[in-house]
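Here the structure comes first, spelled out in structure tokens, and everything after it is commentary.
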Amino acid sequence: MKKIALLSSGGDAPGMNAAIRAIVRRGINKGLSVQGIQRGFAGLLNGNGFIDFEMGSVADIIHRGGTILLTAREQGMFDAAFRKKAVKRLKEEGIEGLVVIGGDGSFQGANALGELGIKVIGIPGTIDNDINGTEQTIGFDTAVNTILDAVNRLRDTATSHERIFILEVMGRKTGYLALSAGLAGGAESILVPEIEFDIDEVCDRLMRGIERLKAHSIILVAEGAADVFKLNGEIKKRIKAEVRVTVLGHIQRGGSPSAVDRLMGSRMGAMAVDLLLEGKSGYFTGVVDGEIVPVLLDLCINGNKIFPDELYKLALDLAR
Ligand code: F6P
């Protein structure tokens with residue numbers, strides 16, 4: 001193998017730049033030419049996203065959030081004709097291996113290209129931490145810390161006014177961000193799409209807190225679990241208390257990556273190049289039992305991550 005390329009795709013995540021730096025530098029150190037493809041699969045399909053990388057191209061990026069390669073959500077990869085065009089383009093460039101940094105949708109695109117003869121390796125990059133086959137994804141740790149910072153700030157004002165705060169966090173159809181930030185932040189209630197909730201039970205928990213003179217309560221809501229504004233109305237119908245709603249939004253996606261995400265990005269990026277050089281394809285770099293190992297892309301594409309119910313129970317138990 002003489003030439004590889006890399007792209008980032010889907011929602012950006014802090015730590016992607018650490019992975020990009022590692023892929024470029026490991027690749028060049030091993031004698032490879034390394035090309036970046038801007039705007040994810042869109043740049044590949046349009047053919048206008050290709051850039052050459054040198055050692056210096058990735059200087060001064062390890063501490064930056066986002067992705068210097070830019071990203072996009074490109075649906076074209078789900079079309080067979082587009083995929084053929086993409087592989088033709090990669091072959092014309094002499095690219096034999098492709099590293100795709102992104103979430104499960106990006107992995108589906110990568111896998112489909114792999115079936116057409118390009119060697120592909122995935123790196124899990126999404127704040128949602130919803131990829132089956134890996135305990136953690138790049139960006140998750142930073143996002144959890146960003147949410148915790150918001151929880152701490154809300155606590156100050158919530159305590160001062162003796163209010164209840166509803167905080168909506170991201171996670172698409174999953175509740176990993178809400179659960180981790182809720183447990184680490186001591187939220188009184190955590191609502192996730194994976195576990196059905198009962199509004200009366202949520203209010204009972206709030207009432208128990210009020211009865212033992214708790215100055216405030218935080219309800220952490222995953223975006224896929226409930227409409228926070230309707231929830232606000234339902235709570236106000238049942239409890240005589242002041243409730244405020246905060247939607248944290250894309251603030252969760254930005255910011256300087258945590259040490260955990262930089263380490264994971266660096267190690268996964270280097271491993272992705274090594275796997276390509278070993279002739280491997282159809283894998284992604286996953287965290288299994290705390291170790292970074294190659295995991296079949298198929299596991300992510302055809303399986304759903306199992307939600308840690310025990311951790312959820314623990315979070316509620318400790319916030320009682
Ligand atoms: O997948 C990452 C994520 O931030 C989700 O948590 C969220 O639902 C989605 O992306 C938002 O997407 P967009 O940035 O396209 O609005």
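Of the candidates Ser180, Ser217, the single residue that is buried (at least 20 other Cβ atoms within 10 Å of the Cβ), within 16 Å of the ligand (Cβ to nearest atom), among the small types (Gly, Ala, Ser) and not assigned by TED's automatic domain parsing to the domain that holds Gly265 is Ser180.
Of all the criteria given as (1) on the phi > 0 side of the Ramachandran plot; (2) of a type in the set (D, E, K, R); (3) in contact with a strand residue (DSSP E or B) (Cβ under 6 Å, 6 or more places away or on another chain), the one not satisfied by Glu135 is (1).
Contact map, segment 163-185: first residue without any contact (Cβ under 8 Å) to a residue 60 or more places away in the chain and part of a helix (DSSP H, G or I), second residue away from the ligand (no atom under 14 Å from the Cβ) and open to solvent by 40 Å² or more (accessible area, probe 1.4 Å), Cβ cut-off under 8 Å, separation 6 or more or different chains; pairs are Gly185/Asn152.
In summary, Asn152 fulfils each of the numbered conditions (1) open to solvent by 10 Å² or more (accessible area, probe 1.4 Å); (2) within 16 Å of the ligand (Cβ to nearest atom); (3) in a helix (DSSP H, G or I) with the single exception of condition (2). Quick check: is even one residue across segment 299-314 over 19 Å from the mean Cα position of the chain (by Cα) and assigned to a loop (DSSP other than H, G, I, E, B)? Within segment 299-314, not a single residue is over 19 Å from the mean Cα position of the chain (by Cα) and assigned to a loop (DSSP other than H, G, I, E, B).
The strands (runs of 3 or more DSSP E) found wholly in segment 1-88 and carrying at least 3 residues that are buried (at least 22 other Cβ atoms within 10 Å of the Cβ) occupy 3-8, 33-37. Counting the residues of segment 106-149 that are closer than 30 Å to Glu92 by Cβ, within 12 Å of the ligand (Cβ to nearest atom) and part of a loop (DSSP other than H, G, I, E, B) gives 0.
Taking the options Gly224, Gly233, Gly255, name whichever one is open to solvent by less than 60 Å² (accessible area, probe 1.4 Å) and part of a helix (DSSP H, G or I). One residue alone meets the criteria, Gly233.
The values are calculated or read from the model by the stated rules, or taken from the named source; none is laboratory data. If you're wondering where the values come from, they're calculated on a predicted model, not measured in any experiment. Virtual Cβ from ideal backbone geometry, glycine too; neighbours counted across all protein chains shown. With ligands, DNA and RNA removed, areas are computed over all heavy atoms of the protein, side chains included. Shrake-Rupley method; radii C 1.70, N 1.55, O 1.52, S 1.80 Å.
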